[in-house]
Structure formats: structure tokens, C-alpha cells
Amino acid sequence: MSDEKRPASRASVAITSAGGDESALRHAGRTLLLHLHGAQRALKLYPLENATTQRALDDLQQSATAVLEAEQELEIRVMGEFLFVNSLRLRLELDNYAAFSAVLGVFREFGIGALRVDEGIARREWQLLLSLFVGQTGKVPAGGQSKFDDLRARLEAGGAQHLVLEPEQEGQDFVEDAEAAKQAAKRTYSQGVAVTKEVMTGARMGRAVSVKKMKRAVQAIVDQVLSNETSIMGLTTIRDYDEYTFTHSVNVCIFSVAIGKKLGLQKKALYDLGLAALLHDIGKARVPLEVLNKKGGLDEEEWKVMQAHPWLGVLTLFGLKGYGEVPYRSVIVAAEHHMKTDLTGYPRVIRPREQGTFSRLVSVADGYDAATTRRSYQTVPIAPDKVLKEMWENPRRGYDRVMVKALINLLGIYPVGTCVVLDTFEVGVVAGANPDPTFINRPLVRLALDPHGGVLLPPGQLVDLAEQDGTGQYKRTIVKVTTPDRYGLTVGDYFV
Amino acid sequence: MTEPRDSGPRATTAVRIPAGPPPDGPDGAPLPMHPQVVEELLRTLVKALRAIQMYLPNNPIYQRAVETTRAAFGPVWDGVTQLPLTVQESSLVWEGQTVFAGDGKGSDNVAWLLYKDGIRNLLLRPGVEDEELVPMLEVLNKARALSGDAEDDLLTLLWEQDFQFLQYQFVEVLQEGAVPVAASAGTPGLVASAPAEDLEAQRDARQQAVREEAEEEVQRSGVVKLEDFDSTLYFLDENEVAYIKERIDHEYSQDLRANAMAILYDLFETQVDQAVRGEILDILESFPPYLMAAGDLRAVAEMLREAKVLVLRARNLEGEQRDRLERFSAVLSEPAVVQEMLQALEEAAAPPPEADLAELFRELQGTALEPVLAALPRITRPGIREMLERVVTRLADSYPAEVHRILGSPESDALTGAVALAGRLKMQSAVAGLGQSLQHPDPGIRLASAQALGAIASPGAQQALEKALGDDDREVRLFAVRVLGERGYRGALKAVEAMVLGKGAETADLTERQAFFEAYARIAGAQAVAPLVEILNAGGGLFKKKASPETRACAAMALARLKAPEARAALNGAANDKEVVVRNAVARALREAAP
């Protein structure tokens, strides 16, 4: 049996210590996390003797002691995208996501898998640990020592006996897990596309749809986003995998759920959102195929037909066979996903109302994926960073600005799939935002071309642009966003 | 491998554990506990599943089954720290030992129940028996009852519960037609600016392109700097977090159905294509039963209102579609539909909000009147009753013909209600109908009709009421004579006089007799003095007409109403009558007649 503390697919793990109260621990864990982040930030911004810093350290000491008193143990562990306190997975919520990201980031920076805090911990020990976090971030230890070993040695030298570090999991198991996660993401993606295809074809032919399959597909996407966001997000860069409408629906579902996660939505809400996103274009099932798949530009009449798809989606969803209750939330999102926040756009609104929150969110995900994709009637996709810039800066687009900000927050300056030229004359494909949010311009990149123009076959070589050489200089820096076509690269291949 | 548990006390149940050490597991090492412990747990779990299926949560058997199962986990956690089970078609296996064997592929076989939806491994952890046991049993129970084409299966149900101490692994049995995700077929790195077959040239072309791009960019703007970016973009500030919270609350507090329906109404207005409108009408027409079943009466009312709006606002509306819109309200007002609605209302454990009900009934047409009137006496909830009374008032005001029709329907369950309603509303136009219902075989309805006519009090109503003076039922007669007498209705003189002066006066009971005498005095006025004096004095004697003392007492009281000198003189004359009943009546009459 696998390690009992490792999160597995389709089931989350949370184990309280015997007799412990889960909600109390969750609350205490959350408080501890916030205080840890608060103290680290204070040390970064103010001198040690500053009252704010002192108070933040007091808070941290107090919250750690509270957990130790209640649980007789305290361990903060990072696994994948999750943080555990005494084996209880902490929920990412709106009011803790910044702290969450920062703590995850610092653990990754130093290669820490777990931090055990023993009874008798002193405030001075926290101060030492956090000062090291602040002072050593971005620095390369001398003598080829790993950052983890360097940190541990400094802690020991400073007399921090009650703080015990464990390195992050590495080695074959990790690689196998990563590969298994990638395979799971691919299965989820292809399942999503197959289900979308079945639903849309069913709608086109007037056949009943399998709601169960749809639920399973969306639930699987939610699970993937929660446990393995990078892999599933990478798959959204695949083009020409199947008809655009199907892959686009799945991509919008993935982006929407990922933004929803970023915004702190709970699992059930992520499902509601994901389902609505997956069905947002179902009206295209009633657009004639010769218009839908037409190569080149559409004439005015064809655009009119195309622009009918939101309301055609409404009619389709109201009449969807196989559904007990009409999926009203999906109806609303299908109707509103091409509307602007002021309700202009299409279709025309007569009865006064507000654009739904999920419609705003799906609209942002839809706009991003559509613009970055080569469609039959849009032969040149726009670079992801340019799309984000346009969505953010052009108010005439009518997107909800906070939702766009959440998308940018999710994707980073260089969204997944962006093709970049590095100062080393290498070319790569952005594989994910840097786990450390302070490195927003230094994503993880899969190298596709070496400095001599040699091809690194997919999946390429994964590098972290935050990596530094012995002199403290970054090893690689992006100098330009480029088009993959120029180098004969197919971005999606680097994620498959 | 299952981890053995070190120590620690646990609640236990009596499990028959064989003597001797546990058998060896698949790896040759002894198992951490006897498989019988797990068998016992699963047996208990299956029993609990049956109890959950048969009893409600407040039933002691249900509760006992849950407690027993909870306790059965104790011995397991004494032996291991987690319990992994392999799911096979008809059995569950722990460490190579079959610990549950089910029978066949029925929903009673827990192993099959898990297996058929794809579950292949289960992992139970300490804690599952606390908060998650009942939800787990309920999910299994719900899954047992699901049909093949249901919207859920065991996996979707388990997912929704988000169990923390129960993990499962499954195979995707529903995945059909999924094309594996694969890399593209093209050659990576093939550039157009060099011959495809010349690998060296290809590499050089790529290298040159990269250098050009990189150098051009470096010369132009240097490398990307963090300062070039608005770092606030990457974090939501407090206001934005609050905004998101508010938006999410808004998403989950909105009336989804109403908003979705509003979109349909908008579409009907904006899309002039008749086929599209026809489709929307099909949807709308199919909706009311679902809405009513869901108790969303407000949405039904909204539909009726919107149908009227659409008739007014939709451009180029075809006659047939206009008719369909206009029929919405008529269809929902059909007696059978309203009856159904009211029955649901009576039977509902928690009725819909009164405001919603009022909204719906406000939109109904006259045909709804009869079923509402018929149901009203059965409605016990005061608020709803009052609301329905307001509804019938509105309907009767707007559709008086419907009231007339009911009054003319002796078999209608709503007849009593309609009679009372006509009286309450003083419906002049209902007099003829009330005249009809005054002939009804049921004396209760006749009395109600008389009362209604009395309330209406128009000459026509009084004329109709006159017929009630000869009714077979005393109450009806009594009510009619009192009303007609009080109003001094001359039209009734003949009938009243016939009763007073005829033999009827002696056969009626005292109350009725008195009512008729008083009515006679009021209606006939001075003309009644002489006949009444004659009756008062008809105490007997040679050649004299004889009346009973009670009748003479009634005459005395009637004379008191007339306040005429002759009447007073007659009363004075009878003041010492030998009959005590007469004497008392006369004394009272004199007091009342005193100026």
C-alpha cells in the first residue's frame, strides 16, 4: 500500500491525531500558516527590533505553542501543491492563499519537504529560521552544498534544536509519481474531450446525453486541478488534438476550475463551475458544420449564425434529454459568456439583471483560450502574454477586471505554453509559473532548442529560470516571447 | 502491506477470534491480526446497510446498527493502522484473504456494488467510523437504488462526499471513445528557411533565427526586468478579495431558475424567427408541472405574467403563438390543475411561502374559482386560508358568471362556498342563482342561500327570499321571516299573514311563532292592530275564538312593536289575563311600548 500520508487521486487525505479535533486543528493550522507568513514578511520589510516584527514573531510563537499543546506534535509538510499540518491538509481559501503560496514557495526554494517543530521551541529559533529564509533566498551556497543542507547546517550552528527539517521527496518514486500524474492528467483530458464530443454530438442529433459521464469528466478535471494543476494546464496547449470546439470546451473548463481554485472556491463550487464551463459552447452543436468548420474568415451572415451559439446553447440545455433538472447554472453561463460586464455583447438582454459570477469567470477563460488557439476561422493564434495584456488593458473587451487579474495570477507573466527565447540562445516552452510567487518573471521552462539550434525532443529539459550559478547570477533569463512556428515547434508536444 | 498497530486502547465488540497466531500474509509474514476481525466488521457493515435501507435515522434499529458498526472498527484499529481492501466481483479481499463473499451480481452484494462502478481498491482509515460512517452507508445505499441511466453512480456520489478517511481507486469503466493524448506527428524543429532533409542547415537556420531574435530584443529593450511589470497584478488586494467573496455569494444566492427563465423570455422577444419562438413556447409549456412539483409557484406566476408581457411586446407575433401565450393562464386555471395544486398544498409538510402562492393565484382565471371554493373549508393554515379568500373574492369580482354557473350546479362541491361568497360580496347579479340554490335539497345550502339573499337585501333578493318562508326547514323559515320582517318587506305580507292568522300559528314552536308575529306587525303596521288584538283577546269564552296562551303572548309582543294607541289599549285590557304566559308577555310589551 502506498504511503498513507500521500494524497491520492479521487480522495483527499486528512488524518487528525488520535482524539484531535479536525476543525480545531484546521483552524490552528491556518492561523499558524498566516503567522508564519506574516513574520517572514515582517522580517523582510522591517528591522528585527521593529515592533511589527516583534509582534509577528510573538504571534508565530504563540500559534505554534497552541498547536503543540493541543496535539503534542507539530509538523508542516509540503506534498505536491498541498500543505499539511500534522497530516491534515489545509484548505486554500481566499484569505490565506497568499500565505499559502509564500510558504509553499519558501519550502520549495530550500528543498524542504517537512518542518518539524518540537516542544520547547523558542521564539529565538523562529527568528533564526525566518531570517535565514529571508537572507538566503536567491543565494547559492558555497562549496556546491544544496540549499537544504546549507539551511540545516546554519540552523544547527545557530542552536535551533527544536526545528527539524526533512528534505523534499526526490528520486525514482518522485519521477514515477510525476509520470503517473502526467498520465492521469492525459486520461482526464482525453476523457473530457470524449465526453464533450459525445454530448455535443448527442445534442446535434437530438439524442439523450449521459449526465453521469459528464459529471465524472468534470469531477476528474476538478481533481486534477486540485492535485496536479501543472500537468492538466499544460495539456491545454495541445492543438489539433480533436475538433477545436471539443478541446476548447475542455480547456475552458480547466482554466475556469483553475481560476476558481485560485479564488478559493470549494470543491463543490468548482464542480458547478466546471460543468457550466464544459457546456458553455454547447450551442455550437446547432451551428451548421459548414460554418463551424469553415476555413478562413466568416462573412457577415455566417458571423450572425456563429453569434447565435450562446442562445442556441440556452435552448439546447433546456431541451437536453437525459437531464432530470435543467442545468440552470449552465444555461446562464451559456447565455452570458459572450456578454460584457455591462451586459452589452450578445445575445441582447432586455430584462434587467447582473452578469453571473461564473459567466464572468468562464468568459475570461473562454476569451483567453480562444485567442491563443488556432481556429478554423482564426489562422494565427495570438501569443498568450499579448492576450493577457489585451484582456487587462482594453476595457472595451468588457471583462471583469478582477477575474482577469485572477487569470494573470494563475498563468503568470508568461503563461503555460508560451514559447520563449532565452539569453543563452536557447528556446523553450513555459511549463508553469514559478512556485515561488516572487519569481513571477522566471517561470519553469521546457527547453526545446539548445544554444546551437539543436532540437531537444519533447518533453525537452525542464529548467527553473530562478536557478542561479555560483556567482549569484541567474543561469537563464527570458529575452523574448516568440512564435513556436518560427522554430517548427508544436507546443503541445512538450506536455504530452 | 497493512501497518500493524503498536498499542492503545479501543472500544471493542465481541468477535470470535480463533486461538493461535494469525495466518501468514501474501509476503509470508504473519498477518497483523486474524482475518475474522475484518470479516466481522464487514458483516456488521452489511447489516447496517440493510438497516439504513429499511429504517429512518431516528429509528432505534437504525441507530443501533450504526453504533454496532462503529464499535466493530475498534478491534480492527487494535490490529492495524489502516485497512486496505481489494474489490473483486463478488468478494472483498484483505491481505490475500477473502473477508467478504457476496452472492451474485445484485445490489445486495456490496462487493459487486463497488466493483460494477469501477472501484477496485478501498482504504479505510481510523476516523472513518466517526463522522464518515453514516454518509458512507447512505452513499452505498443510494447507489444500490440507482438505475443504469441515472445521473449518478457510486463514484459521483462518493466524490461529492469528499471523504477524508475513506480512499478508493477505480478503473474508468465509462470511458468510451476517448482518443489517447499523443504528440503531433510532425518533426520537431523543422523550419521552412532550410531544406528539410539537410539537418545541418536546419540547425544553423534555427540558431541564426534565435540569435537574431535575442540580439534584436536585447538591443531594443534589454532583458526583462521585474520592475517592468505591475507586480500588484499578481495578487488580489483586500478589496478584490472582498469583491470576489461578494460575487461568489451572489452566484449562490441568485434564483437560478428565475434567471434562466428570464433569458428565455428575452430570447422570445428578440428572436423573431417563428421556429425559435415555437421551440421556446414548447419549453415554457412543458415547465409548469416541474415548477409546481418543485414548489416554485412564484416562477409559475412569473411565467403567467411574462406570457402577458410577451403578447404585448414581442414583434411580429403570429396568431397561433399569441394564442399559445394567452392560453397559459387558462390552462393553469383549469379546475383539474388547480385541484392538483391545492391538494399538494394541503398535503405539503411545509407549504410554499404565502407570498409565492398569492403571486400565482393572482394570475389565475375564473375557472380556478370552483376548485378553490371547494378546497377552502379544508384549508386549516390561517395565512393560506385568508389568502385564498382574497383570491376567491378577486375571481368572483372579475368573473361573476363563474359564480352564477356554480350556483346553478347543485352537484358542485363549491356550491356552499359560492353561496356564501355571493352573500359576502352582496352580488346583486347572483340573486337568480341563489334563488335556485334556495331550492337545493340540502337545508344547509338553503339556509346559506337565504342568508346570502338577506345580505344582498335588494328587492329582488327579498323577493327570492320570500319563497323561504314556506321552506320545510324551520331554520330557513325563521331566518327568512326575521330578515323580511326587519326590512318591512311588503311583498311578504300575504305569506306572513297567512301564517299568523292561519293554523300555522298554533303548530310552529314559540320562537318561530313569535318571529312571524313580529314580522307581521312590522310589515303590516297599523293594518295588523285589529287582527292582533283579536288574537290577544281570544282567550276563550262563549262563541269566542280561542287561541293558545303562547299565541296570544306572541300577539301581545307584536302589538308592542306597533306603538299605536289601540294596541296599547288592548294590552292594558289584557294586563290581568288569567293566563300567566299572557300576563307576563303583556307586561313586557307594555314596558317596551311605553313612550
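Considering every residue in B:239-252, what mean count of other chain Cβ atoms within 10 Å of its Cβ is obtained?
For peptide B:239-252, the averaged partner shielding equals 6.
With a cut-off of 8 Å between alpha carbons and a minimum separation of six or more residues, what is the relative contact order of chain B in percent?
5
Please give the average number of partner chain Cβ atoms lying within 10 Å of the Cβ of each residue in B:274-284, rounded to a whole number.
Partner Cβ neighbours, averaged per residue: 2.
First check a/c for the protein assembly as shown, with a ≥ b ≥ c the square roots of the eigenvalues of its C-alpha gyration tensor; if it is under 1.5, answer rounded, and if not, answer prolate when a/b is larger than b/c or oblate otherwise.
prolate
Over all directions, average the projected area of the Cα convex hull of the range B:30-134 and note it in nm².
Over every viewing direction, the Cα hull of the range B:30-134 projects on average to 6.5 nm².
Under 23 Å Cα-Cα from A:Lys304, which lysines qualify once same-chain neighbours fewer than 8 residues away are excluded?
Correct list for A:Lys304: A:Lys284, A:Lys294, A:Lys295, A:Lys340.
Could you work out the relative contact order of chain A, using alpha carbon pairs under 8 angstrom and six or more residues apart, expressed as a whole percent?
Relative contact order of chain A: 12 percent.
Would you please put A:355-361, B:135-141, A:157-163 in order of how densely packed they are, using the mean number of other Cβ atoms within 10 angstrom per residue and starting with the highest?
Highest to lowest by the protection proxy: A:355-361, B:135-141, A:157-163.
What size of dipole, in debye to the nearest 20, comes out for chain A about its Cα centre when the only charges are +1 on Lys and Arg C-beta atoms and -1 on Asp and Glu C-beta atoms?
Magnitude of the dipole: close to 1860 debye.
Give me a single rounded figure for A:349-355: the average over its residues of other chain Cβ atoms within 10 Å of their Cβ.
5
Using +1 at the Cβ of each Lys and Arg and -1 at the Cβ of each Asp and Glu in the protein assembly as shown, identify which of B:Met292, B:Ser91, B:Ala448 lies farthest towards the dipole's positive end.
With unit charges placed on the Cβ atoms, the residue in question is B:Ala448.
Please compare each pair in A:Lys197/B:Lys105; A:Lys186/A:Lys213; B:Lys47/B:Lys105; A:Lys213/B:Lys142; A:Lys215/A:Lys261 to a cut-off of 28 Å on the Cα-Cα distance and tell me which ones are over it.
In this structure, A:Lys197/B:Lys105 lie more than 28 Å apart at Cα.
Let a ≥ b ≥ c be the square roots of the eigenvalues of the Cα gyration tensor of the range B:85-181; is it rounded (a/c under 1.5), or, if not, prolate (a/b larger than b/c) or oblate?
rounded
Quick check: from the Cα gyration tensor, does the range B:249-372 come out rounded (a/c under 1.5), prolate or oblate?
Here the range B:249-372 falls in the oblate category.
Mind checking which of B:Leu146, B:Gly104, B:Leu123 is farthest towards the positive end of the range B:98-159's charge dipole, using Cβ charges of +1 (Lys, Arg) and -1 (Asp, Glu) about the Cα centre?
Checking the options against the dipole of the range B:98-159, the answer is B:Gly104.
By per-residue mean of other Cβ atoms within 10 Å, what is the highest-first order of B:391-403, B:18-30?
B:391-403, B:18-30
Between A:Gln145 and A:Gln468, what length comes free when the chain is fully extended (0.36 nm per residue of separation minus the Cα-Cα distance, one decimal in nm)?
Net length gain for the segment: 114.9 nm.
Just want the answer: with Cβ charges of +1 for Lys and Arg and -1 for Asp and Glu, which residue in B:Ile406, B:Leu373, B:Leu312 is farthest toward the dipole's positive end in the range B:312-413?
The residue sitting most towards the positive pole is B:Leu312.
Ranking request for peptides B:292-298, B:348-354, A:328-334, B:31-37: highest mean number of other beta-carbon atoms within 10 Å first, then the rest in descending order.
A:328-334, B:31-37, B:292-298, B:348-354
Every number in this text was worked out from the coordinates using simple rules, so none of it is lab data. Since we're looking at a predicted model, the values are computed, not measured. Note that each Cβ is placed from the backbone with ideal geometry, even for glycine, and that neighbours are counted across all protein chains shown.
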